[in-house]
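See structure below.
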Amino acid sequence: MSINAEDFEAIRNFLRENSGISLQDGKEYLVEGRLASILAREGFADFGEMIRCLQDKNSVTLRKKVLEAMTTNETSFFRDRHPFETLRTGVLPEFLIKRQEQKKLEIWCAACSSGQEPYSLAMLILDKFPQIKGWNIKIIASDISEEMLERSREGIYSQFEVARGLPGHYVPKFFQRFGSKWEVKQELKEMMEFRQLNLNSSLTGFPPVDILFIRNVLIYFDGNTKKAILKKVKGLLKPDGYLFLGSGENVAGLDDHFEQTEYSTSSCFRLRPN
């Protein structure tokens, strides 16, 4: 079923107001594809009828379903490689020295989707830095989607998902068979703290972190929302911490408190010295 211009604009406004996501012109096909199943399951005659129901703030379940469906969940283990190489060769060895006394490291993986990114971080740490055993390592994995968070908590992945991006020896080392699928081992799950979080909302009470992965997220927001998000996360990044963005993302023109690091191929930034 096709969506008309008026209904498309209504969906854009709903997403902007409730998630901060800015849906670009020409994305009608995306709305049609992702909301068609909701339209059918809920028995709506067309998009207009669904939107009228959606605009009723008491329609909590429907509003949640639409947000879940419109949240982009594309991910894979060790996606893009470069950031993980930067962690392995530069950032983590640096923190092994800097945090030797505290023996504590806090990482935030924002917009974690179905969990492949935070679990990739955990696997990298355990595999490449055995000397970190006994440290207090916390990986906070957040996402706006409760459905995706539940998938992350379960840590169960198909053969295709496991084969996509994982070094071969990581499968027997960090996964166990779960029927025809694979489940991450308990030692990885114990490093995780999952939180439902809308980046467009308040981050009050969020702990300061050493490393922040907020990759392939800012591209979905308009300029003002990007600035607001960077301002908020800036206050949570420790003075010597590192911010990782997606390969097509940058802080230029958005927040001059950050500077590019020598790890430029990884879209890695840090706070400018005061």
When every residue in segment 152-191 that is at pLDDT 95 or above and among the acidic types (Asp, Glu) is compared, the one surrounded by the most Cβ atoms within 10 Å (Cβ to Cβ) is 183
Item to check | residue 48 vs. criteria outside the structural domain of residue 144 (by TED's automatic domain parsing), under 26 Å from residue 117 (Cβ atoms) and either touching a strand residue (DSSP E or B) at 6+ places or on another chain (Cβ under 7 Å) or exposed (fewer than 15 other Cβ atoms within 10 Å of the Cβ) (or both) | outcome: no
Scanning segment 64-79 residue by residue, the ones that are of a type outside the set (A, V, I, L, M) and modelled with pLDDT under 90 total 8
Of the residues in segment 228-274, those that are within 15 Å of residue 206 (Cβ to Cβ) and part of a strand (DSSP E or B) come to 237, 238, 241, 243
Looking across segment 16-70 at residues that are of a type in the set (Ser, Thr, Tyr) and in contact (Cβ under 8 Å) with a residue 24 or more places away in the chain, the single one that is farthest from residue 223 (Cα to Cα) is 37
Going through segment 3-57 in order, the residues found to be in a loop (DSSP other than H, G, I, E, B) and under 28 Å from residue 229 (Cα atoms) are 20, 22, 23, 24, 25, 26, 27, 55, 56, 57
Those residues of segment 220-240 which are in contact with a helix residue (DSSP H, G or I) (Cβ under 9 Å, 6 or more places away or on another chain) and either over 19 Å from residue 71 (Cα atoms) or modelled with pLDDT under 90 (or both) amount to 220, 221, 222, 230, 240
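The values are calculated or read from the model by the stated rules, or taken from the named source; none is laboratory data. What you are looking at is a predicted structure, and each value in this text was computed from that prediction instead of being measured. Positions of Cβ are backbone-derived with ideal geometry, glycine not excepted, and every protein chain shown enters the neighbour counts.
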